[in-house]
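> Just dropping this structure here.
Please treat every number below as a calculation from the coordinates, not as lab data. This structure is a prediction, so every number in the text was calculated from the model and none was measured. Because the Cβ atoms are built from the backbone with ideal geometry, glycine has one as well, and the counts that use them run over all protein chains shown.
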Amino acid sequence: MGEDAKNLCLLGSTGSIGRTALRVIRAHPDRFRPLVLVARSRGDILLEQAREFKPKACVLTDQDAVIKYCGDFTALGVELLAEEDCLRFVVGLDEVDSVVCAMSGVAGLIPMESAIRAGKEILFANKEALVVGGEYIMRLVRDSGVRFVPIDSEHSAIYQCLLAGRRDEVSSITLTASGGPFLRSSPEQMSSVTKEQVMAHPTWEMGPEVTVNSATMMNKALEVIEAHFLFGLPPEKIRVVIHPQSIVHGLVEFTDGSVLAQLSPPDMALAVQYALTAPERLAGVVEALDLAAIGKLEFLEPDEQRFPLLRLSYEALGGEWWEPVALNAINETLVRAFLADEISFGALLKLIPDCFKRRNEITGEWSPSAKEPDCLDEILQADTAFRRFALSSVKGHGKRDIE
Ligand SMILES: NC(=O)c1ccc[n+]([C@@H]2O[C@H](COP(=O)([O-])OP(=O)(O)OC[C@H]3O[C@@H](n4cnc5c(N)ncnc54)[C@H](OP(=O)(O)O)[C@@H]3O)[C@@H](O)[C@H]2O)c1
């Protein structure tokens, strides 16, 4: 391990992005040191990682997992911390230089906020945290002056292309979408697919929630919102194009008509490595791109009939600050119900827009307000309220109800 290695706190180390990040770190041991590794419940994977990388500490936020694995970590001589609350603490440790935000879902927002407040460099894959934290998080980033670099491949592509011009010279940006497993299915066929078909993404290997989001196109909807906050562009300047080969990840059109694109094989290691080193580049961890072997690159307009969820992001961005929060909370809750076999894919596709359409009908302790939030709690209250709202909509659509 090099003396000058960057000390990392890796949130979500056992997930798809977390394991990819460790692959990059393994390739450059003199440059990066995983000081803290964080997961929820997969203690077996975390223990393997701790054995290999010898971090200063590990965290499991699931209590049962802590009880199950604490003896193993003690035997290994690695401190094991427990509970979500300690995430605020570990991201702010003096020795931590950078925090890799690779947890899934909105749970990653609290440590992301704490890390920014502690002045740490943020390398983030966790798009839901930015969709929900929105302008509040971007204000903190600007005020603290921390580096805030995207890992999501499309945003990494745009980030790289933007280096070629001034921000006021940008006409539009385009995010590409693979189209997922149902690119050529009819809406009727999509309503009756199996979970196995949903989970079989043609080009990317990802965690379960983002895989479902790719099949519904909600992943791209969230990425449009992520791009809006990250790059400070109005929704009408953010476009989406279907590109089944997943080779071109993002494009920037400048005012003179030039379009710059970033291309690479569909492997997140490159985007993770670039985030860790930007604007410097290190020898690649992914195989070289062979365009002749790929042969053709296709681009198609997203079909509104097949992927109606995409437009919800533009609707959410046209509204109040809490509307992206509502969209994410509704989606996350219903996707988890789908993954737990409580609702079918057809019900998921129907419930997300139905529930979002009724967002103004929300009642209870939290009520919609136009005033921008000035603390994280206000955002989290809205998130909790819309999770309850979405859960109540599952009743009557459960698999047993519709089968
Ligand atoms: N995978 C991709 O190719 C990709 C590409 C671009 C962006 N992203 C984004 O990156 C994020 C991670 O995606 P992923 O595919 O890596 O997901 P994943 O495979 O499901 O991994 C999620 C990780 O977060 C941890 N985690 C979740 N909730 C937690 C909590 N409350 N406390 C502590 N740890 C928690 C999980 O721990 P356990 O393993 O213990 O559950 C796991 O390590 C998502 O926001 C996704 O949208 C992913």
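> With θ set to phi - 60°, apply the Karplus curve 6.51 cos²θ - 1.76 cosθ + 1.60 along segment 219-234 and write out the HN-Hα couplings as whole Hz, x wherever there is a Gly or Pro.
Working through the residues one at a time gives 4, 6, 4, 5, 5, 5, 5, 4, 5, 4, 6, 5, 9, x, 9, x Hz.
> Could you list Met217, Met199, Met206 in order of exposure, starting from the residue whose Cβ has the fewest other Cβ atoms within 10 Å?
The fewest-first ordering by Cβ neighbours comes to Met199, Met206, Met217.
> Once the piece of chain linking Thr74 and Glu287 is laid out straight, how much longer is it, given 0.36 nm per residue of separation minus the C-alpha distance between them?
Length gained, Thr74 through Glu287: 72.8 nm.
> Let me ask you something else. Once you order the gyration tensor axes a ≥ b ≥ c over the Cα atoms, which shape class does segment 84-125 get: rounded for a/c under 1.5, otherwise prolate or oblate by comparing a/b with b/c?
Oblate shape, in that a/c is at least 1.5 and b/c is the bigger or equal ratio.
> What distance in nm separates the two pseudo spin-label positions at Thr203 and Arg19, each 7 Å out from Cα along the beta-carbon direction?
Roughly 2.2 nm, to one decimal.
> Between Leu300 and Glu365, what length in nm is gained on full extension when 0.36 nm per residue of separation is reduced by their alpha carbon distance?
19.0 nm
> Amide H of Arg239 versus every other amide H placed in the peptide plane: which residues, excluding those fewer than 5 positions away on the same chain, fall under 5 Å?
Amide H neighbours of Arg239: Ile173, Thr174, Leu175.
> Mind jotting down the distance between the C-alpha centroids of segment 355-385 and segment 223-288, whole Å?
32 Å
> Sticking with this structure for a sec: Arrange the following residues from fewest to most other Cβ atoms within 10 Å of their Cβ: Glu315, Glu361.
So the ranking, lowest neighbour count to highest, is Glu361, Glu315.
> Of all the stretches in the chain, which is the longest one without any exposed loop site, taking trypsin sites (Lys or Arg not before Pro) in a DSSP loop (any state but H, G, I, E, B) with at most 13 other Cβ atoms within 10 Å?
In the chain, the maximal stretch lacking such sites is 1-146.
> Would you mind checking which residues have amide H under 5 Å from Phe124's amide H? H placed 1.01 Å from N; only 5 or more apart, or other chain.
Here the answer is Cys101, Val149, Ile151, since their amide H atoms fall under 5 Å of that of Phe124.
> Each label point is 7 Å from the Cα along the Cα-to-Cβ direction; what then is the distance between the points at Glu236 and Gln381, in nm?
3.5 nm
> Shifting gears a bit: Going by a ≥ b ≥ c, the root eigenvalues of the Cα gyration tensor, does segment 299-356 fall in the rounded group (a/c under 1.5), the prolate group (a/b larger than b/c) or the oblate group?
Judged from the Cα gyration tensor, segment 299-356 comes out oblate (a/c at least 1.5, b/c at or above a/b).
> Something else now. Say R0 is 22 Å: what FRET efficiency, to the nearest 0.05, do Tyr314 and Ser258 get from their beta-carbon distance?
0.30
> Under a 5 Å amide H to amide H cut-off, with H placed in plane at 1.01 Å, what residues pair with Gly179 once short-range neighbours are removed?
Here His243 satisfy the definition.
> Using only alpha carbon pairs under 8 Å that are at least six residues apart, calculate the relative contact order of the chain and give it in whole percent.
14 percent
> Can you give me the distance in nm between label points at Arg51 and Asp143, each placed 7 Å from the Cα along the Cα-to-Cβ direction?
In this crude label model, Arg51 to Asp143 measures out at 4.6 nm.
> Would the chain count as rounded, prolate or oblate if I go by the C-alpha gyration tensor, calling it rounded below 1.5 in a/c and otherwise prolate when a/b exceeds b/c, oblate otherwise?
Cα axes put the chain in the rounded bin.
> Still on this structure: Out of all DSSP beta bridges with both ends in the chain, state the antiparallel percent to the nearest 5.
25 percent
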